[in-house]
Structures are given as structure tokens and as C-alpha cells.
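Right, one structure below, let's go through it.
The values are calculated or read from the model by the stated rules, or taken from the named source; none is laboratory data. Only a predicted model underlies this, so the values are computations on that prediction, with no experimental measurement involved. In this analysis, Cβ positions are derived from the backbone assuming ideal geometry, glycine residues included, and neighbour counts consider all displayed protein chains. Calculation scope for accessible area: heavy atoms of the full protein, side chains included, ligands and nucleic acids excluded. Shrake-Rupley method; radii C 1.70, N 1.55, O 1.52, S 1.80 Å.
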Amino acid sequence: MGAATGRDHEGETVTVRYWAGARAAAGTAEDTFAVDEGLTLDVLVERVLERHPGDQMARTVAVCSVLLGDQPVRSQDPASVVVRPGAVVELLPPFAGG
């Protein structure tokens, strides 16, 4: 696993893109996570927080809107949202003025 680059290289992947304050908290625009099969959004968020430990990232992720592909999924139970290999998840914190 390439922790320094924010990328896992085995098998298929899921990409997580960070916007605005989430990008600042993560210190990167995106991470790629290796997955063997689909995983739930709550598990993916746990992996994000393991890769980027600290209160700032946890607080930021807690208020983010979440897109799976182009579908908003934040209002759904994260344990029931399945993220399949090849998917892109976008974490968007609230933006000032929009």
C-alpha cells in the first residue's frame, strides 16, 4: 500500500475525492483505496479516517455532503450504501456563499 501517495495498488479500487476544507484536512485532492468487492460507505469512511487521523478530518467528514458517482447519498444510512469497485465518492464540506 502506498500510504505516502494515498494509493493502494492491489486489486480494484475506489477513489475518494476531497473538496475545499476536506482537501485541506486530508492534505491531498484524492485517495484511492484497494477493494476486493463492494464495501459500505461507513467502512469506506472508516478507512478515510484511518488514512487521515485527527480531529480536523473527523469533524470535516462529519459535515460533508457525500456523492456516490453523481448521486447524493448523505441522507441514507451509510451502512446500507454499497460502494462498488471503480466508484468515485466525493466529500464536499459546506461552502460559504453557496
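When you scan region 82-97, how many residues do you find that are over 19 Å from Thr32 (Cβ atoms) and open to solvent by less than 90 Å² (accessible area, probe 1.4 Å)?
1
Restricting attention to region 87-98, which residues are more than 13 Å from the chain's Cα centre (by Cα) and of a type outside the set (A, V, I, L, M)?
Correct list: Pro94, Phe95, Gly97, Gly98.
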